[in-house]
Amino acid sequence: MLITRLLETGSIVPLPKYKNCYLATSSPSDVARVESKTFICTADRREAVNVPKAGVKGQLGNWMSPEDADAAIAERFPGCMKGRTMYVIPFSMGPLDSPYSKIGVQLTDSAYVVCSMRIMTRIGNQVLEKLGSSSSEGYFVKALHSVGWPAEGHPAQRSQWPCDPERTIILHKPEINEIVSYGSGYGGNSLLGKKCFALRIGSSIARREGWLAEHMLILGITDPKGTKRYVAAAFPSACGKTNMAMMRPTLPGYKVECVGDDIVWMRFDQKGQLRAINPEFGFFGVAPGTSRTTNPVAMDTVFENTIFTNVARTSDGGVYWEGMEDPEPGVTITDWLGEPWTPGSTKPAAHPNSRFCTPASQCPMIDPHWESPEGVPIDAILFGGRRPKGVPLVYEAFDWKHAVFIGAAMKSEATAAAEHKGKEIMHDPFAMRPFFGYNFGHYLQHWLSMETAVPNVKLPKVFHVNWFRKDDQGKYMWPGYGENCRVLEWILLRIDNEPGTAVPTPIGNVPTREKFDLEGIQVDFDGLFDVPVDFWKNEIEEIAKFLYDQVDEDLPEEIKEQIDNLLKRLNSQ
Ligand code: GTP
Ligand code: SPV
Ligand code: MN
């Protein structure tokens, strides 16, 4: 078994406190996605990325010519797996019996990647059988991965986490549906079904085929009357998708069930209903911050059949991370770098981007339809991010074009999920900034075109949420987590067109106090929903500059109109 092999080489250690759980610790120079080394490779640059105004640096993806990509591959790949074992992983993104699923085959020289892909995707003979059947016509996405560390030619002492960070490169060729990844073993860089296939290649296929591949969770919510709806939500990396997808609602009578926590593939069916599948099979979730109080469902999911990466270890064979309940007295902690750690330490015990990789089927609140081949019907889409100032808890788009503008205007504080430093507020349109597989201007056009995707299209209602507004003392104004169901409740009222639920503001509709349930919690309603006009005037100016600078000639007229309309609404205040 591959696990035995990983144990022998010291790449993972067992966690005897739990059932079939292991810990991998990576090289400190390979701990997150590397956006600067990730490229979309097409003959025509404008196909792959936005073309900014002269002198402006593009922020929405990197382009490389296929020739340069091939040269980069030729420089790195010959002999790069020498003496190691190469694994072949046929995998399916999406349930095998779903017409919306797609097949990939990943070659890799990392056993850790194989074990993780087995959790994150559906793999094995069943996939090969489907590939050989008439329904798939032998079509698959090619994914090649190497950690870039041949068995020979290196110091005798073998690295437990082989990688080649200096030469890491992640290449996507959407024109021929190929992915080539070199040098990194971590997450989105190496589990190629995830961001590389399901989002970058996926969004490019989706554009051609008329559907959407997005960085979104999917949850089902049943109200006290028994009506069930599904909601998809796009938040940037490390901004709360997994937590929301597994939310335990605090309001009585509500039930939330989880369909997916990171990626959605969705399309309008012939009746005009938006339907979504989760192409993944597991959760690759952020560990720090996960606890019995914040995300009890995750805590009930991850202590079986799970690979943890870069969390801390306890002397009784368990794991530990920031935010988790303290271990029992007498139990000591070893940090992710292998050093002794105590609560007074200045460095974190677990890396901030440390993760659990766990089967979705183990989630106690997994939705009964999470593998439904036709997907689940989506009635609302949420956009959101970490916005300490100015952005209300929730507001609703006036219509579809406004909704697309809200997605385009998304911003969020940088997190540890990528190589960014500090906490600057970055643009992250649609939570897709690192994941666009094609020109963002064309992406906007594609989203706008959904308004007429099919006759009788039933457009979902679209909202923007912000769990992360802070008061003047720098404290979160909203309790978040399970309390976020109060926002969902209001969203359900909006879907049902309940009268008296919303008032317009320049940026969108916000809840009325009467129809927003705050019973049992102490929060500053006015502060949470305040729309400061001066803040928004600056904000829209900055967003307009960003969009015009970045997208330039490919910025759709409809988006320009949205900018002008918002400015007018703000100026008439
Ligand atoms: P990726 O897997 O990187 O795409 O991240 P994600 O969007 O799934 O984020 P996740 O749910 O893992 O949350 C990231 C961090 O945000 C964790 O440390 C959470 O504890 C914290 N978080 C999530 N939801 C909330 C919330 O409602 N309020 C606050 N204050 N923090 C939250
Ligand atoms: C993210 O960064 O959005 C993740 C983790 O979900 S990774 O798979 O590394 O992209
Ligand atoms: Mn993600």
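The values are calculated or read from the model by the stated rules, or taken from the named source; none is laboratory data. Since this is a predicted model, take the numbers as computed values, not measurements. Don't worry about glycine lacking a Cβ; one is built from the backbone with ideal geometry, like all the others, and counts go over all protein chains shown. The protein model used for the area step is the full one, side chains on, heavy atoms only, and it has no ligands, DNA or RNA in it. Shrake-Rupley method; radii C 1.70, N 1.55, O 1.52, S 1.80 Å.
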For the stretch 415-446, give me each residue that is among the charged types (D, E, K, R), over 16 Å from P52 (Cβ atoms) and within 16 Å of ligand 3 (Cβ to nearest atom).
E419, D428
Give the residue, chosen from E339, E304, E328, E322, that is under 24 Å from M117 (Cβ atoms), open to solvent by 50 Å² or more (accessible area, probe 1.4 Å) and away from ligand 3 (no atom under 16 Å from the Cβ).
E304
Within the set of pairs 6+ apart or on separate chains, which have a first residue in the stretch 63-80 that is under 8 Å from C41 (Cβ atoms), a second that is open to solvent by 60 Å² or more (accessible area, probe 1.4 Å) and charged (D, E, K, R), and C-beta atoms under 7 Å apart?
W63/R45
Listing of strands (runs of 3 or more DSSP E) fully contained in the stretch 201-293 that carry 2 or more residues being more than 16 Å from ligand 3 (Cβ to nearest atom) and not basic (K, R):
217-222, 228-234, 255-260, 264-268, 274-277
Where residues in the stretch 418-438 are in contact (Cβ under 8 Å) with a residue 12 or more places away in the chain and at positive phi, which of them is farthest from the chain's Cα centre (by Cα)?
F430
When residues of the stretch 362-387 are limited to those that are in contact with an Asp or Glu (Cβ under 8 Å, 6 or more places away or on another chain) and under 22 Å from F405 (Cβ atoms), the one most open to solvent (accessible area, probe 1.4 Å)
R386
Show the residue pairs that are 6+ apart or on different chains and have beta-carbon atoms under 7 Å apart, the first residue being within the stretch 273-294 and at positive phi, the second being at pLDDT 95 or above and surrounded by 24 or more Cβ atoms within 10 Å (Cβ to Cβ).
none
Conditions: (1) farther than 22 Å from N20 by Cβ; (2) open to solvent by 30 Å² or more (accessible area, probe 1.4 Å); (3) touching a helix residue (DSSP H, G or I) at 6+ places or on another chain (Cβ under 6 Å). P279 meets all but one. Number of the miss?
(2)
The helices (runs of 4 or more DSSP H) lying entirely within the stretch 491-573 that contain at least 2 residues which are among the charged types (D, E, K, R) and either surrounded by 15 or more Cβ atoms within 10 Å (Cβ to Cβ) or at pLDDT 95 or above (or both) are 533-551, 557-571
Subset of the stretch 257-275 [more than 16 Å from ligand 2 (Cβ to nearest atom) and among the charged types (D, E, K, R)]:
E257, R267, D269, K271, R275
Going through (1) farther than 16 Å from L96 by Cα; (2) free of Cβ contacts under 8 Å to residues at least 24 places away in the same chain one by one, G132 fails only at (1)
Only residues in the stretch 471-490 that are in a helix (DSSP H, G or I) count as the first member; pair them with residues that are of a type in the set (D, E), Cβ under 7 angstrom, at least 6 apart or cross-chain, and list the lot.
R486/D517; E489/D517
Just to check your reading of the model, which residue among D30, D44 is away from ligand 1 (no atom under 16 Å from the Cβ), open to solvent by 30 Å² or more (accessible area, probe 1.4 Å) and modelled with pLDDT of 95 or more?
D44
Would you confirm whether any residue within the stretch 217-229 is closer than 19 Å to A403 by Cα and in contact (Cβ under 8 Å) with a residue 12 or more places away in the chain?
yes
Before we move on, is R313 over 17 Å from Y481 (Cβ atoms), away from ligand 2 (no atom under 14 Å from the Cβ) and either aliphatic (A, V, I, L, M) or buried (at least 24 other Cβ atoms within 10 Å of the Cβ) (or both)?
yes
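Residues checked against (1) in a strand (DSSP E or B); (2) touching a Lys or Arg at 6+ places or on another chain (Cβ under 6 Å); (3) away from ligand 1 (no atom under 16 Å from the Cβ):
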site: F435; (1), (2), (3): no, yes, no
site: G441; (1), (2), (3): no, no, yes
site: W447; (1), (2), (3): no, no, yes
site: H464; (1), (2), (3): yes, no, no
